[in-house]
Amino acid sequence: MAQAKLTIDLAALRANWRTLANMAQAETGAVVKANAYGLGIDRVAPALAEEGARRFFVAVAEEGAELRRILGPRPEICVFSGHMAGDAPLIRDAQLTPMINSVDQMLRHVEGLPGHAFGIQLDSGMNRLGMEPAEWSALRDIALSQKPSLVMSHLACADEPDHAMNMQQLHAFRQMTDGIDAPRSLSATGGVLLGPEFHFDVTRPGIGTYGGLPFADARPVAHVEIPVIQIRDVAPGETVGYGNTWTAQRPTRVATIAAGYADGILRSMSHKAQMWAGDTCCPMLGRISMDLIGVDVTEVKDAPETLELLGAHQGVDRLADWAGSIGYEILTSLGARYARTYTGA
């Protein structure tokens, strides 16, 4: 079989979430947007619910409706994009909690779904989503009188612990929210790691749950093995792949494997990435193409049937370094062609 295999370790996922939850004296939610960072919301969300998550976060209402179908009526499902035009039926029927980002969204919500639960998102300096201080000041008393289930903001530089923006946003968030009686949330994974003053009432770890930085102690969750289709001997002076960008300097055994940029192995990793056959490092050769990659297996004693891309030897952030990207992009780009297997359920 030429299909690459993606194994998702749900026991590792649950352990990562539990460790992050234990770091904070606060309720811990779970971020499962983008199909649980590409790993399958239908399996990831129930595992986190079993581990104790009672509040989930998604990007858009459509994701929230799908999550409600999966989890049933109990958990709270918060929608970061708030109450967009046309969302009222989804919000009502799936009992979602939109995180209101503006005066316009607040009016849309209270007029379209009076009495329905909502939260508030504030801009503490990231200039992405949420009410700015002046807007919040004008709306604060009215909004708080309707008992929002959560008031939150988001840190821009939490993956850099010494960045001045962290304390700047903490101060701004406190200025906007100290004294309110609604639960508050500021921290995703990076904020959890910054320490107790950033935790408030609810934390919402995302990438750390899935095995990525900045949670350096995370257990790997995604494991990828790719079948070898063919092995050939390449003589010095011969080339491999599109564009003749790699030329053999010595006799080289080259394995052609059954994956490429259509499977999230980004073309920008070309000439840098490596794979593993057991404990033997095997560099990728030439350009990564859509479905095929050449790999140097000269040092492998026996002809390998598969090679490891993600696992014990390297995680998503190592691949991201080669691609000039971040672990989030690697996870969410893994694609639909993998044969997916879930362990540790």
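Taking the listed residues ALA218, ALA255, ALA259, the one that is part of a loop (DSSP other than H, G, I, E, B), in contact (Cβ under 8 Å) with a residue 24 or more places away in the chain, farther than 28 Å from GLU135 by Cβ and open to solvent by less than 10 Å² (accessible area, probe 1.4 Å) is ALA259, with no other qualifying. Between LEU307, LEU285, LEU292, the distinction of being in contact with a strand residue (DSSP E or B) (Cβ under 7 Å, 6 or more places away or on another chain), farther than 30 Å from ARG14 by Cα and buried (at least 20 other Cβ atoms within 10 Å of the Cβ) belongs to LEU285 only.
Do we have ARG219 as basic (Lys, Arg) and touching a helix residue (DSSP H, G or I) at 6+ places or on another chain (Cβ under 8 Å) here? In short, yes. Residues in the stretch 130-163 that are part of a helix (DSSP H, G or I), in contact with a helix residue (DSSP H, G or I) (Cβ under 8 Å, 6 or more places away or on another chain), farther than 14 Å from ILE180 by Cα and of a type in the set (A, V, I, L, M, F, W, C): ALA138 only. Could you please let me know if VAL297 is open to solvent by less than 20 Å² (accessible area, probe 1.4 Å), more than 26 Å from the chain's Cα centre (by Cα) and touching a residue at least 60 places away in the same chain (Cβ under 8 Å)? Yes; evaluated as a whole, the condition is true for this residue.
Evaluate the following for THR97: is it in contact (Cβ under 8 Å) with a residue 60 or more places away in the chain and among the β-branched types (Val, Ile, Thr)?
No; evaluated as a whole, the condition is false for this residue.
Given (1) in a loop (DSSP other than H, G, I, E, B); (2) over 26 Å from the mean Cα position of the chain (by Cα), where does HIS313 come up short, assuming only one miss? Every listed condition holds for HIS313 apart from (2).
Report yes if some residue within the stretch 40-50 is of a type in the set (Asp, Glu) and more than 30 Å from LEU139 (Cα to Cα); otherwise report no. Within the stretch 40-50, one or more residues are of a type in the set (Asp, Glu) and more than 30 Å from LEU139 (Cα to Cα). Scanning the stretch 119-141 turns up no residue that is of a type in the set (Ser, Thr, Tyr) and touching a strand residue (DSSP E or B) at 6+ places or on another chain (Cβ under 8 Å).
ALA11 satisfies every condition listed in (1) over 28 Å from LEU307 (Cβ atoms); (2) in contact (Cβ under 8 Å) with a residue 40 or more places away in the chain; (3) not aromatic (Phe, Trp, Tyr) except (1). Take the conditions (1) within 30 Å of ILE8 (Cβ to Cβ); (2) in contact (Cβ under 8 Å) with a residue 24 or more places away in the chain; (3) touching a Phe, Trp or Tyr at 6+ places or on another chain (Cβ under 6 Å); PRO46 misses just one of them, which is (3).
Residues in the stretch 169-199 that are open to solvent by 30 Å² or more (accessible area, probe 1.4 Å) and touching a residue at least 60 places away in the same chain (Cβ under 8 Å): PRO183, LEU193, PRO196. Remark: pairs (first residue in the stretch 316-345, without any contact (Cβ under 8 Å) to a residue 12 or more places away in the chain; second residue open to solvent by 30 Å² or more (accessible area, probe 1.4 Å) and in a loop (DSSP other than H, G, I, E, B); Cβ separation under 7 Å; 6+ apart in sequence or on different chains) = ALA320/ILE326.
Scanning the stretch 317-345 for residues that are at pLDDT below 95 and either open to solvent by less than 20 Å² (accessible area, probe 1.4 Å) or aliphatic (A, V, I, L, M) (or both) turns up ALA336, ALA345.
The values are calculated or read from the model by the stated rules, or taken from the named source; none is laboratory data. The model shown is predicted, which means the values in this text are computed figures rather than measured ones. Methodologically, a virtual Cβ is constructed for each residue, glycine included, from the backbone with ideal geometry; neighbour enumeration extends over all protein chains shown. Protein only, heavy atoms only, side chains kept; ligands, DNA and RNA dropped before computing areas. Shrake-Rupley method; radii C 1.70, N 1.55, O 1.52, S 1.80 Å.
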